[in-house]
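S.K.: Pasting a structure here, questions to come.
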Amino acid sequence: MKVAVFSAKPYDRQFLEAANAQHKHHLQFFEPHLSAETSALVAGFPAVCVFVHDRLDASVLQQLASGGTRLVALRCAGFNNVDLEQAEALGMIVTRVPAYSPYAVAEHAVGLILALNRKIHRAHARVREGNLALEGLLGADLHGQTVGVIGTGKIGAVFARIMHGFGCRLLAYDPIRNPECEALGARYTELGEVFAQSDIISLHCPLTPQTHHLINREALRQMKRGVILINTSRGAVIDTKAVVEALKSGKIGALGLDVYEEEADLFFEDLSNRVIQDDVFARLLTFPNVIITGHQAFFTRNAMEAIAQTTLANITAFERGQPSGNEVTASKVRKEGHREHTTTAHS
Ligand code: NAI
């Protein structure tokens with residue numbers, strides 16, 4: 001099947017081409033994002049393959065449908081960038097990769113905690129300058145600390161297991177309890193108690209209307225002074241301006257972000273020769289106790305192989321007129337109560 005692959009970086013091409021040896025689709029790679037400006041490129045392609053910053057709003061989907069596209073194959077788990085109601089109305093199938101490697105994301109979250117807690121990012125820069133002083137590098141044992149896990153699905157559960165291994169006490173918040181986390185001794189409680197009791201808080205819930213700006217001024221007010229906050233879920237789960245204020249006041253002791261509310265205009269590109277226009281993002285970069293990575297938590301060899309395999313298997317199933325089991329529809333999402341934002345381009 002002819003597939004237009006958008007937001008294609010060399011690494012996407014590498015993994016998709018390797019997996020395609022088995023599936024033999026005709027993959028045409030486009031580097032730009034899919035948007036109103038680029039949707040005309042898709043005419044005559046029955047399938048598009050897209051990623052987190054491609055924007056499939058109502059008008060883009062209409063344009064795709066009029067050009068004969070019937071399948072939107074997401075090569076990610078999140079689908080907040082697709083207007084599912086519109087896709088359904090146009091009779092288009094949307095597939096995704098619901099799970100590829102929870103370890104990749106959970107381990108990255110732990111990496112941010114370890115680096116921030118022991119100030120490894122600062123030590124690395126100092127030592128390279130010949131500065132071997134220890135002032136300012138004091139950390140704390142993770143053993144015995146209380147870790148709040150918000151969202152205990154596939155990634156949250158792996159994260160909880162790793163932190164349990166460090167000897168941390170686990171508090172959890174999720175509308176659906178995960179017995180695997182309870183078996184580790186995680187105590188499910190109200191969000192307010194997770195905020196108030198945790199030394200470290202890590203976000204692993206999806207972006208939904210309920211979780212949009214879950215971490216806002218009021219939530220931050222309830223947290224311990226010096227809390228370490230980690231977000232590898234979706235940028236808009238955090239109200240970034242409120243978080244900047246909390247960093248300035250010292251309420252947040254350290255912040256690790258792999259995602260950012262306005263990341264679509266920034267992430268996955270080399271901007272080192274340009275002036276960053278986003279003042280909130282630029283402010284975040286000035287704090288010594290903030291580490292930002294550019295949505296790389298998923299980016300392991302294992303995850304990329306699994307993403308490529310599942311995406312191409314989804315396309316093959318569609319070509320054969322069979323369900324892949326990875327279809328996502330507005331009605332299914334409504335039923336499961338996991339409806340993510342459909343109009344933002346956030347990952
Ligand atoms: P999952 O669906 O297995 O788990 C999500 C959990 O969040 C579920 O247990 C659900 O009940 C819970 N949840 C839903 N609403 C909630 C709320 N209001 N408060 C607290 N918990 C709530 O998803 P998985 O695979 O664990 O992924 C979690 C999130 O991680 C994804 O939605 C995505 O946003 C993010 N992600 C980030 C990646 C990255 O590279 N940074 C890569 C992959 C996923």
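S.K.: Nearest 0.05, what FRET efficiency do L137 and R177 give at R0 = 30 Å with Cβ-Cβ as r?
M.R.: Calculated value: 0.20.
S.K.: Still on this structure: Got a sec? How would M1, M163, M223 order by Cβ neighbour count within 10 Å, fewest to most?
M.R.: Fewest-to-most Cβ neighbours within 10 Å comes out as M1, M223, M163.
S.K.: Kindly provide the helix-only [θ] at 222 nm of the chain, computed as the sum of -39,500 (n - 2.57) over DSSP H runs of four or more divided by all residues, to the nearest 500 deg cm²/dmol?
M.R.: Roughly -10500 deg cm²/dmol at 222 nm, from the helical runs in the chain.
S.K.: Next question, about the same structure. Between R221 and K332, how high is the FRET efficiency from 1/(1 + (r/R0)^6) when r is the Cβ-Cβ distance and R₀ = 51 Å? Nearest 0.05. Mind dumping the intermediate values first?
M.R.: On the way: r = 37 Å, r/R0 = 0.72.
Efficiency computed from Cβ-Cβ geometry: 0.90.
S.K.: Now for a different question. At most 13 other Cβ atoms within 10 Å plus a DSSP loop assignment makes a site exposed; report the longest stretch of the chain without any exposed trypsin sites (Lys or Arg not before Pro).
M.R.: Working: sites that count: K24, R177, R225, R274, R320.
Longest site-free region, per DSSP loop and neighbour criteria: 25-176.
S.K.: Relative to a virtual label point 7 Å from the Cα of R320 in the Cα→beta-carbon direction, which members of the stretch 19-46 show backbone nitrogen distances below 20 Å?
M.R.: The answer is 19-27, 46, whose backbone nitrogens lie closer than 20 Å to the label point.
S.K.: Right, next: Using only Cα atoms and rounding to the nearest 10 degrees, what angle (0 to 90) does helix 301-319 make with the longest principal axis of the chain?
M.R.: Tilt relative to the chain: about 30 degrees.
S.K.: Among all lysine pairs in the stretch 196-347 that are eight or more places apart or on different chains, how many have alpha carbons less than 19 angstrom apart?
M.R.: Pairs that pass both the separation and distance tests number 4.
S.K.: Then there's this: For D278 and K241 in one chain, what is 0.36 nm times their gap in residues minus the Cα-Cα distance, to one decimal in nm?
M.R.: Values: separation 37, 0.36 × 37 = 13.32 nm, distance 1.20 nm.
Net length gain for the segment: 12.1 nm.
S.K.: Sticking with this one: Could you work out how far apart the two model spin labels at S66 and E31 are, taking each label as a point 7 Å from the Cα in the direction of the beta carbon, and quote it in nm?
M.R.: Going by the 7 Å Cα→Cβ label model, 2.9 nm.
S.K.: What are the equivalent ellipsoid semi-axes of the stretch 102-292, built from the alpha-carbon gyration tensor (square roots of five times its eigenvalues), in whole angstrom, biggest first? Working shown, then result.
M.R.: Values: eigenvalues 136, 84, 49 Å².
Largest first, the stretch 102-292 gives 26, 21, 16 Å.
S.K.: If each of S249 and E129 carries a label point 7 Å out from its Cα toward its Cβ, how far apart are those two points in nm?
M.R.: Placing both labels 7 Å beyond Cα along the Cβ direction yields 3.0 nm.
S.K.: While we're here: Once you mark the GluC sites (Glu not before Pro) that are in a DSSP loop and have at most 11 other Cβ atoms within 10 Å, what is the longest gap between them in the chain?
M.R.: Working: sites that count: E37, E129, E135, E190, E269.
Between exposed loop sites, the widest span is 38-128.
The numbers here are math on the coordinates, done by the rules we state, and not lab data. Since we're looking at a predicted model, the values are computed, not measured. Here the Cβ is made from the backbone with ideal geometry for all residues, glycine too, and neighbour counts use every protein chain on show.
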